[in-house]
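What follows is a set of notes on a single structure, which appears directly below.
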Amino acid sequence: MLLTTGQAAEELGCAITTFRRLIAAGLLPGLSRRGVRVMVPLEVVQALQTRRQAPLDRLPVQEIAVLRVDAARRTQGPERSWLGFAAALSPDDLLKALRGWWRCDPASVAAGRVLPVTLAGYVVAVLTGLQRWEKNSEGRHAFPGARLAGYVTDLAAPHTCLTSQTGGDRQLAEQLLGTRLVSHSGGALAYVSTHATVD
């Protein structure tokens, strides 16, 4: 059975524009077209419905930052060709596309030790290596040592690609990739409580 994007979004309780971001990012398998309409297999929507919540309470911190991105689009910047997330990007291009200059509290971002990257409320990539930061003239911060621990290539399965050789990075990526993580913010970065008790 195939659903329209509108029907799929309704099943998931999200806006059509939110659901279309997942399509644009290349995260959903089995899509087909009927004229101008994109059709989504019912089993893909059902798989998204059953994605578990991110197990934030397993993290040894009380709060983490979450990077909220859109589907990747071309950019003319000197340091990167893309901005945002796409499953088809190489790990190198993806890291560049996700690393940016943000208005944030850099010490809080670094203290969380991990930066889940979400698209439409799902964790699609995980960044680590946030201990060092720089500040530009506009008051924005970047984390030049950030590493891509892993990313999702198919959200329905989910299929993930672990890209870091560091054991701790791989463990964080395995825990978080493909899970649901809702966050609210007016900007790219949100802060989420883990509800963990830290000794």
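The values are calculated or read from the model by the stated rules, or taken from the named source; none is laboratory data. Keep in mind it's a predicted model, so treat the numbers as computed, not measured. Note that each Cβ is placed from the backbone with ideal geometry, even for glycine, and that neighbours are counted across all protein chains shown. When the accessible area is computed, the model is the full protein with side chains, heavy atoms only, and any ligands, DNA or RNA have been set aside. Shrake-Rupley method; radii C 1.70, N 1.55, O 1.52, S 1.80 Å.
What are the pairs, 6+ residues apart or on separate chains, where a residue within the range 70-92 that is free of Cβ contacts under 8 Å to residues at least 40 places away in the same chain has its Cβ under 8 Å from a residue that is surrounded by fewer than 18 Cβ atoms within 10 Å (Cβ to Cβ) and of a type in the set (V, I, T)?
S81/T75; W82/T75; L83/T75
A65 - would you say it is without any contact (Cβ under 8 Å) to a residue 60 or more places away in the chain, under 15 Å from G121 (Cα atoms) and under 15 Å from the mean Cα position of the chain (by Cα)?
Answer is no for this residue.
Can you pull out the residues in the range 126-141 that are open to solvent by less than 10 Å² (accessible area, probe 1.4 Å) and over 14 Å from the mean Cα position of the chain (by Cα)?
Those that are open to solvent by less than 10 Å² (accessible area, probe 1.4 Å) and over 14 Å from the mean Cα position of the chain (by Cα): G129, L130.
Sort out for me the strands (runs of 3 or more DSSP E) sitting completely within the range 1-114 that have 3 or more residues that are more than 24 Å from E134 (Cα to Cα).
Of the strands (runs of 3 or more DSSP E) lying wholly inside the range 1-114, those with at least 3 residues that are more than 24 Å from E134 (Cα to Cα) span 2-4, 32-34, 37-41.
Go through (1) open to solvent by 50 Å² or more (accessible area, probe 1.4 Å); (2) among the hydroxyl-bearing types (S, T, Y); (3) in contact with a Leu (Cβ under 6 Å, 6 or more places away or on another chain); (4) touching a residue at least 40 places away in the same chain (Cβ under 8 Å) and name the single condition T160 misses.
All conditions pass for T160, except number (4).
Filter the range 88-113 down to residues that are charged (D, E, K, R) and under 21 Å from H195 (Cβ atoms) and give me whichever is surrounded by the most Cβ atoms within 10 Å (Cβ to Cβ).
Filtering first and then ranking leaves R113.
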